[in-house]
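What follows is a short report on a single structure.
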Amino acid sequence: MDQSKQQEDDYGYNLFPERNAPKYKKDSIGATLFTFNHKCQVMLHLALETSPYAKLLLGAMKNSGCQVFKDRHFSCEDCDGAVSGGFDATSSQIVLCQNNIHQQAHMNRVVTHELIHAFDHCRAHVDWFNNFKHLACSEIRAANLSGDCSFSNELSRFNFGLKQHHQECVRGRALRSILAVRKVSREEAEKVVDEVFVSCFNDHAPFERIPHSKKDAKFANRHYESRDRYYANL
Ligand SMILES: [Zn+2]
């Protein structure tokens, strides 16, 4: 196995097999794939147009000089296992797993989660591959701010009633995300997550505080947009 292949495996790119496959492969299930792909595109469009989380993040990225284009920066693909999406830092593309996302609410959460990685990539010089703390920090922020751990999601997983369950949920999801994309031991991942947890959990940018619901996100987005207007009038 050559070095580059080895590296690809270590970075977990095998989760997104279509990343390395020739494009526009036609096969007998082409029709099914087209349907999945089309549905994914429609749900993506809706997420970008209607989710207040996504709208705020898109606005914040535009303000930071990283305007996001639907056709250029998103890709609906089939993925391995149960992954829902990923951020490919080398191409600055968000991968949406069309075979694993079937509901709009799920699509909205995945788009938001991955946009937080894209936002981090835009505003900071994130070294996704060599600096483990950077990856851990962005996963903590994505789990914390995307609604992945919001009350109704937790409720549906029967995890309610736990004290500080939001923090526990964020920690657990960040750990799982890291273990899905890097070949490291659980102990090593836990150590890094714990090291950066407090500062990254408290970094809510571009939200002012943790949005715990769509209503919170809507309010935050309205506030963010009116702040733009205020600056525009100066
Ligand atoms: Zn993530």
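The values are calculated or read from the model by the stated rules, or taken from the named source; none is laboratory data. Since the model is a prediction, treat every value here as computed from it, not as a measurement. Methodologically, a virtual Cβ is constructed for each residue, glycine included, from the backbone with ideal geometry; neighbour enumeration extends over all protein chains shown.
Some notes on this structure:
- In the range 46-61, the count of residues that are more than 16 Å from the ligand (Cβ to nearest atom) and not in a helix (DSSP H, G or I) is one or more.
- Test: residue in the range 14-23 that is more than 17 Å from the chain's Cα centre (by Cα), more than 27 Å from ARG173 (Cα to Cα) and modelled with pLDDT under 65: yes
- Unmet criterion (only one of (1) in contact with a strand residue (DSSP E or B) (Cβ under 6 Å, 6 or more places away or on another chain); (2) polar (S, T, N, Q); (3) away from the ligand (no atom under 15 Å from the Cβ)) for GLN93: (3)
- Scanning the range 104-119 turns up no residue that is within 14 Å of the ligand (Cβ to nearest atom), assigned to a loop (DSSP other than H, G, I, E, B) and either under 17 Å from SER177 (Cα atoms) or aliphatic (A, V, I, L, M) (or both).
- Test: residue in the range 121-129 that is more than 25 Å from ASN202 (Cβ to Cβ), touching a strand residue (DSSP E or B) at 6+ places or on another chain (Cβ under 9 Å) and crowded, with 17+ Cβ neighbours inside 10 Å: no
- Restricting the range 124-157 to residues that are modelled with pLDDT under 90 and part of a helix (DSSP H, G or I), the residue that is farthest from the ligand (Cβ to nearest atom) is LEU155.
- Residues of the range 205-228 that are among the hydroxyl-bearing types (Ser, Thr, Tyr) and surrounded by fewer than 18 Cβ atoms within 10 Å (Cβ to Cβ): SER213, SER226.
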